[in-house]
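Trainee: Submitted below is the structure of interest, expressed as structure tokens.
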Amino acid sequence: RQVALPLQLLGALRRALHAQWREGNLPTHVHRKLEENVSELNLVASSCERLFSSPVPPTMSRHVVRCMVLWLFGLPLVLAGTMAPSAVGFWVFVTSYVFIGIEEVGVQVEQPFEIVPMTQLCRLIMANLEEAFLQRPPPGM
């Protein structure tokens, strides 16, 4: 079984922290705090991994789309006798725009990793970590 890349990175980070602490480059209290932060990051990564690997049943999204189509096709028939044809067209357009927008937001929420720029975010975090590890601690630490 292949270990997920985030877990591999967290393991490498833990090994690097331990090596820096063992060499005396990292005070014990800083090492403990960083280790706590890595543990919290591990919990977040695990939650994201579960979220990413849990598919949304396709029948659920199909059902929502079918109900929305029925509603939007039935709306002009219901409004036809109550107001002017131009007003019916306007309100059907507004209602369609709102409902289709809500559906699109729902689809994006189902797959959050497709809309969040995770690769760029991870690169930025890695660059910040590399910069932090390359800097020497102040003399008092």
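Trainee: Which one, 93, 79, 68, projects farthest toward the positive side of the charge dipole computed for region 1-120 from Cβ point charges (K/R +1, D/E -1)?
Mentor: Working it through, the farthest residue towards the positive pole turns out to be 68.
Trainee: A further question on this structure: Once R0 is set to 22 Å, what does the formula 1/(1 + (r/R0)^6) return for the Cβ-Cβ distance between residue 16 and residue 120, expressed as a FRET efficiency to the nearest 0.05?
Mentor: 0.45
Trainee: Still on this structure, I have one more. Suppose each label sits 7 Å from its Cα in the direction of the beta carbon; what would the residue 73-residue 90 distance come out to in nanometres?
Mentor: Reported label-point gap for residue 73 and residue 90 is 2.7 nm.
Trainee: Given the -39500 (n - 2.57) contribution per DSSP H run of 4+ residues, what per-residue ellipticity at 222 nm results for the chain, rounded to the nearest 500 deg cm²/dmol?
Mentor: Details: 5 runs with 109 residues, N = 141.
Mean residue ellipticity at 222 nm (helix-derived): -27000 deg cm²/dmol.
Trainee: Right, another one. Express the carbon and sulfur contribution to the solvent-accessible surface of region 7-141 as a percent, rounded to the nearest whole number, probe 1.4 angstrom.
Mentor: Reported share for carbon and sulfur atoms: 69 percent.
Trainee: Starting from the Cα coordinates of region 16-141, work out the convex hull volume and express it per residue in Å³.
Mentor: Details: hull volume 20.1 nm³, N = 126.
In region 16-141, the Cα convex hull volume per residue is 160 Å³.
Trainee: Still on this structure: Only loop residues by DSSP count here, and only those with at most 13 other Cβ atoms within 10 Å; note down the GluC sites (Glu not before Pro) in region 1-39 that meet that.
Mentor: Working: sites: 23, 35, 36; in loops: 23.
Hits after loop and neighbour filter: 23.
Trainee: Find the accessible area per residue for the chain; the probe is 1.4 Å, ligands and nucleic acids are left out, and the unit is Å².
Mentor: Numbers: 11170 Å² over 141 residues.
Roughly 79 Å² per residue, with all protein chains present.
Trainee: For the Cα atoms of the chain, what angle does the longest principal axis make with the long axis of helix 118-134, in degrees from 0 to 90, nearest 10?
Mentor: Approximately 20 degrees, to the nearest 10.
Trainee: Given 0.36 nm per residue, what is the gain on full extension from residue 29 to residue 54 after removing their alpha carbon distance, in nm?
Mentor: Details: separation 25, 0.36 × 25 = 9.00 nm, distance 3.79 nm.
Contour length minus Cα-Cα distance gives 5.2 nm.
Trainee: Further question on the same structure: Can you give me the angle between helix 5-22 and the longest principal axis of the chain, using Cα atoms only, in degrees from 0 to 90, rounded to the nearest 10?
Mentor: 30 degrees
The values are calculated or read from the model by the stated rules, or taken from the named source; none is laboratory data. In this text the structure is predicted, and so the values were computed from the model without any measurement. Here the Cβ is made from the backbone with ideal geometry for all residues, glycine too, and neighbour counts use every protein chain on show. Accessible surface is based on the protein model in full, side chains and every heavy atom, while ligands, DNA and RNA are left aside. Shrake-Rupley method; radii C 1.70, N 1.55, O 1.52, S 1.80 Å.
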